[in-house]
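Participant: Okay, handing you the structure first.
The values are calculated or read from the model by the stated rules, or taken from the named source; none is laboratory data. It should be emphasised that the depicted structure is a prediction, and the values quoted were computed from it without experimental measurement. Don't worry about glycine lacking a Cβ; one is built from the backbone with ideal geometry, like all the others, and counts go over all protein chains shown.
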Amino acid sequence: MRQKINRRFTGIALFSVVITTIVMTAVFYSQLKKQVFSDLAVVVNLLIDGDSCERTIDDLRITLIDADGKVLFDSAVEERSLTNHMDRPEIMEAIASGTGMGIRKSDTLSESVFYYAKKLDNGQILRVGKEAHSVAAVFLSAIPVVLTTALLLAVICLLVSHYLTSAIVKPIDEMAGDMEHIDEGKSYPELIPFTRKIRLQHEEILSAANLRQEFTANVSHELKTPLAAISGYAELMEAGLVDEKESKRFLGEIRKSAARLLTLINDIIKLSQLDGGNATDIFDVVNLAEMTKESVEMLSFGAAKNGIEVVYEGDDRADVHIGKELAQELIYNLIENAIRYNKPGGSVLVKVQNEGTQITFSVEDTGIGIPQEHQERIFERFYRVDKSRSKELGGTGLGLAIVKHICNLTDADVSLTSESGVGTKIVVIWGRSSANHALYQEKG
């Protein structure tokens, strides 16, 4: 950028110098021409006042012409060899208006001449001419001064261009080198909104990088635990250090660890797909109420073993642009969490409400609840309130993160209210601001 700005400044400056030089030359030539005609007019008047037309003045051609165009006298050549001058522009102008001027190539002298002619009282024309080469000599003598001045201006412009380029780019360089203090007046005020956005994006990139690094570390740790258990139990059995009774228990532990490992891998794959926006069925319309009732019926059997009652309340139809696969993930994760972290003899209330302008899905349990200080982070990946209890109950720490991603993809709002020891309620709302707006309009 610095070189581009410098080149453009230099180009503009040199262009200005060239234009200025041309204009100055044209003005100088115009003034010189005006001065030459003025001098010739003075000479003509002196000749008239002196009442003499026969003497020759150095570097001047003096011609006396009769009213009919016949040359009576010429200081440069024999007048008898000259043709009639009535057709000369300066003579015609002098006859018409009293004086005439012109610059043309002389047929007699074969070179350009400045002419000034004046009509006398007796009708004759007195003309004085000055050869152009003598005028050009004066003009050419000024050219070195003009060129020297132009060169000096060009050098000054180059230096000024370099200085201005540095002055323009310096605040931007300082801004790029110190993103944390761009609001302290070092940059241009007009760039502050732009630089703030860059800083925000920079912070988001760093945050995403930290989250990715944390996610990788968490994944490694979570995968390592069941793998270590499987490996340990297998080594003991392979070495013959386990009797038949213990062997059966070890096989059960291996199966549990393998199941946990498979669940964890599936959740990671699902989360990766959601991160990449690979939910191909996202625009499919599903009846959320029907799918919720099916999930409640399926999960109720397992919950009943611990004395937990799962109840559905709400409408029979609630169409949402979410897709079957994503809907199943969201419904299953929320209901399963409510069952997993409930108390024996507790209950889970699942509701789907179609209010016309919005669809509300909620899951409320009477479980252990979530302390206030943990509620802001509960949707983060691998975040657990009680890590030992969560692992004991088979949680991967990714269920609510998956729910959050699904809500983001489908323009749904998700909120959580919880009280430790009392229970938790999670509410998901699809409203007019979401992709379901067109569906609501279609159904009237």
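Participant: Which numbered condition in (1) over 30 Å from ASN84 (Cα atoms); (2) at pLDDT 75 or above; (3) surrounded by 11 or more Cβ atoms within 10 Å (Cβ to Cβ) is the only one that VAL219 fails?
Facilitator: (2)
Participant: Given the condition closer than 26 Å to VAL363 by Cα, modelled with pLDDT under 90, surrounded by fewer than 20 Cβ atoms within 10 Å (Cβ to Cβ) and touching a helix residue (DSSP H, G or I) at 6+ places or on another chain (Cβ under 6 Å), answer yes or no: does some residue in the stretch 284-291 qualify?
Facilitator: Yes, some residue in the stretch 284-291 is closer than 26 Å to VAL363 by Cα, modelled with pLDDT under 90, surrounded by fewer than 20 Cβ atoms within 10 Å (Cβ to Cβ) and touching a helix residue (DSSP H, G or I) at 6+ places or on another chain (Cβ under 6 Å).
Participant: While we're here: Tally up the residues in the stretch 19-52 that are of a type in the set (A, V, I, L, M) and surrounded by fewer than 13 Cβ atoms within 10 Å (Cβ to Cβ), please.
Facilitator: Selection size over the stretch 19-52: 7.
Participant: Then there is this: Under 6 Å between Cβ atoms, at least 6 apart or on separate chains: pull out the pairs that start in the stretch 65-94 with a residue that is of a type in the set (Phe, Trp, Tyr) and end on any residue that is surrounded by 14 or more Cβ atoms within 10 Å (Cβ to Cβ).
Facilitator: What qualifies is PHE73/CYS53; PHE73/LEU64; PHE73/GLU79.
Participant: Can you confirm whether the stretch 298-319 contains a residue that is touching a Pro at 6+ places or on another chain (Cβ under 7 Å), at pLDDT 85 or above and surrounded by fewer than 19 Cβ atoms within 10 Å (Cβ to Cβ)?
Facilitator: Yes - at least one qualifying residue is present in the stretch 298-319.
Participant: Can you find a residue that is at pLDDT below 85, under 27 Å from SER257 (Cα atoms) and surrounded by 16 or more Cβ atoms within 10 Å (Cβ to Cβ) anywhere in the stretch 434-441? Break it down stepwise before answering.
Facilitator: The first filter runs over the stretch 434-441 and keeps only residues at pLDDT below 85, leaving 434-441.
Restricting the remaining residues to those that are under 27 Å from SER257 (Cα atoms) gives none.
Checked the stretch 434-441: no residue is at pLDDT below 85, under 27 Å from SER257 (Cα atoms) and surrounded by 16 or more Cβ atoms within 10 Å (Cβ to Cβ).
Participant: May I pose another question? So which residues in the stretch 407-424 are at pLDDT 85 or above and buried (at least 18 other Cβ atoms within 10 Å of the Cβ)?
Facilitator: Correct list: CYS407, ALA412, VAL414, SER418, GLY423, THR424.
Participant: Scan the stretch 355-369 residue by residue and report those that are β-branched (Val, Ile, Thr) and within 18 Å of VAL428 (Cα to Cα).
Facilitator: Answer for the stretch 355-369, where residues must be β-branched (Val, Ile, Thr) and within 18 Å of VAL428 (Cα to Cα): THR357, ILE359, THR360, VAL363.
Participant: In the stretch 91-99, is there at least one residue being modelled with pLDDT of 90 or more and touching a helix residue (DSSP H, G or I) at 6+ places or on another chain (Cβ under 8 Å)?
Facilitator: yes
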